[in-house]
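Here, each number is a calculation from the coordinates, and none is a lab measurement. Here the structure is a predicted model, which is why all the values come from computation and not from measurement. As a convention, Cβ positions derive from the backbone with ideal geometry for all residues, glycine included, and neighbour counts pool all protein chains shown.
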Amino acid sequence: MSKNDNRNFVEQIADIETDFPRWYTDVVIKTQLVDYGPVKGTMVIRPYGYAIWENIQKELDKRFKATGHQNAYFPLLIPMSFFTKEAEHVEGFAPEVAVVTHAGGEELTEPLAIRPTSETIFGNMYSKWIQSYRDLPVLINQWANVMRWEKTTRPFLRTSEFLWQEGHTAHATEDEAMEETMKMLDVYREFAENCLSIPVITGRKTEKEKFAGAVATFGMEAMMKDGKSLQAGTSHFLGQNFAKAFNIKFLDKDGAQKYVYTSSWGVSTRLIGALIMAHGDARGLVLPPAVAPYQAVIVPIAAKKGGVMEACAQLKAKLEEAGVRVLLDDTDNSPGWKFNEWEMRGVPVRIEVGPRDLEEGKIVLFRRDTCTKDFYPLANAVQEVETLLGTIQKDMLEAARVRRDSRIIDADDVDGILKGVESGNFVKAGWCGCRECEDKIKERTAATARVFAPENTHEKCAVCGKKALHTVFFARAY
Ligand code: ZN
C-alpha cells in the first residue's frame, strides 16, 4: 500500500445527518483540534485548535481595549471562605469546585478553590483598590483557565478545565453597570457575527438560567446544525451583590459612602465548539476566514513539472506579504489526498496550481463553504484570494442566518414546543414568568428557556394559559 492509499476519507467521519454527536467527536479528533487528556474530562488543545483560539483572542482583545478595558491576571487559587460570602454564588458553584486541601506534604489550614470563575477574588481586590469615585469605573479583563468539575464531558463544549476570558467591572451607578453589561453583550454579538459568521440571538435569561449571584444574566445563543442551541457567551449585571459580600465601597462626590455596582462577562473555548457545529458539513470543518488557522492552502498539481513549485512559492510569499495566513502543502502526498485533508480541516480557500493552467496564466480557487471552484488570473491572484476570503466570511454568516431563521417557529402549547424542538427548531412561546411552568416545559420537552425575545408576541403562557409576561426562545441546548 502506498502512502497515498493509507486513508479512506469517506469513512473517516461519521455521517453528519444520521449521527451528529459522533460526527462532532470524529471532527474534533481527526482534524487535530484536540485530544483527550490523561485525566478524565480534560482536553489537550492541539496547535490547530489553539491557533483558532489565538485568532479569537486577538479579535476579542482588540474590541475589549477599544471599549476601555485593560488586561490583568489574578491567582488560580481562591480561599474557599470567599465563596461562602455570596449565598447564591456558593450554592451555584459548590458542586463543581475542585478544592486543594494538601500542599507541601501538609494539610492546608484553609482549603483553596481552583477558580471556577473569579468574581470573589476580583471583589476582594476591588475592595482594596476602590476608595473614591475617582477610582471608578474599574474595567479589567483577564485571559485565564478555569476549572469546573463535570461528570459528562465533551471537548470544547464541557470539560473540567477550559480557557476563557472574564471581564470584571465596577461602577459608581446602577445605570453605568447595566450599560456596561449590555455593551459587552453587543461586543460579543458583533464578534460572533463578523468573525465567527455565527448569527446569535441575544437576550435576558430567566431566574432559573441566570448566573449564580447575578441580578440579571444576558446570553447569546447560537443555533447548531442539529437545531440545538449553544450558549456562546454571557454578560451579567451583578448589582451590588458582590459589592456587599466583599465590602466594595467608595466615597461619592456627595460625601456619602456607597457600594459600587459590578458586572462580569465571559466567553470561552466553547466558541470553537460553536464554530464546528454551526458551519461543519459532511466533509468536516468549515472555518470562517477571520479565525481559520490557515485562510488558504496552496496545492501544487504535478509538482515535479517545471515551474509549478516556483510559482507556488512565489504566490505563497506574495500572499504572506499581504497578510493572508497561507500554507503551501509541499508534502509528497497526492493532490487528491491533500484536497481531502484540507477540506476536512476546513481551510476556507484552496489554491490549485498546475502546469497546464500556469501556461495559460491561470489558477484554480476552491471555496470550502460552497465546495465550488473557478479559474482566476494568476497575475491578480493575491487580490482575488483576498476578495474571495471576504466573500466567504459574509456568505457563511448569511447562510447560517437563513438556516437559522427557517428553523424558528412559534408554539402556543407544550405539545407545539415538543414537536418544534424534536424537529430541530428554536421555538418561541409565551411564558407567564413562574418557575413551575418553566420546569414543566423542560420535563416534557427537554428544552430550556434560552433567552427572552426582544418583544412579547404571545398573549398566553404555553403551559398554564395565564397572561404571558415574556415570549421566550425555547430550545434543546448543549
Ligand atoms: Zn404559566
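Some points to look at:
- Were the residues from V382 through Q32 laid out at 0.36 nm apart, the gain over their Cα-Cα distance would be 123.2 nm.
- Helix axis angle, 47-66 relative to the chain longest principal axis, alpha carbon, degrees: 50 degrees
- Spin-label pair E17/L327, simplified geometry with 7 Å Cα→Cβ offset, distance in nm: 2.9 nm
- Label-reachable residues, segment 449-463, where backbone N falls under 15 Å from a point 7 Å from C434's Cα toward its Cβ: 460-463
- Most to least packed among 317-323, 22-28 [average Cβ atoms within 10 Å]: 22-28, 317-323
- Global form of segment 173-278, assessed from the alpha-carbon gyration tensor, a/c cut-off 1.5: prolate
- The simple spin-label model puts a point 7 Å past each Cα toward its Cβ; for R403 and M182 those points are separated by 3.2 nm.
- Segment 23-43 and segment 121-176: distance between their alpha carbon centers, rounded to Å: 27 Å
- A dipole drawn for the chain from +1 and -1 charges on Cβ atoms has a positive end, and of V97, A317, L271 the residue lying farthest that way is V97.
- Segment 293-390 shape via C-alpha gyration tensor axes, a/c threshold 1.5: rounded
- The lysine pair count for segment 377-478, using Cα distances under 22 Å and pairs eight or more places apart or on different chains, is 16.
- Gap separating the Cα centres of segment 410-478 and segment 337-409, nearest whole Å: 40 Å
- Considering only S406, T331, M178, the residue lying farthest towards the positive end of the dipole of the chain is S406, judged by Cα position with unit charges set on Cβ.
- Positive end of the dipole of the chain (Cβ unit charges, origin at the Cα centre): among C464, P38, V28, the Cα lying farthest that way belongs to C464.
- The charge dipole of segment 82-227, taken about the Cα centre with unit charges on the Cβ atoms of Lys, Arg (+1) and Asp, Glu (-1), comes to about 320 debye, rounded to the nearest 20.
- R0 of 45 Å, Cβ-Cβ distance C371-K208: FRET efficiency to nearest 0.05: 0.60
- Most to least packed among 421-431, 97-107, 459-469, 305-315 [average Cβ atoms within 10 Å]: 421-431, 459-469, 305-315, 97-107
- The ratio of the alpha-carbon radius of gyration of the chain to the globular-protein estimate 2.2 N^0.38 Å is 1.09.
- Cα-centred dipole magnitude for the chain, charges only on beta-carbon of K, R (+1) and D, E (-1), debye, nearest 20: 180 debye
- For a label point 7 Å along the Cα-to-beta-carbon line of D412, residues of segment 458-476 with backbone N under 12 Å: 459-462
- Under 20 Å from the N194 label point (7 Å along Cα→beta-carbon), backbone N, segment 148-185: 180-185
- Residue separation of R46 and K62 scaled by 0.36 nm, minus their Cα-Cα distance, works out to 3.4 nm of gained length.
- Separation in nanometres of the label points that stand 7 Å from Cα toward Cβ, at D395 and K258: 5.3 nm
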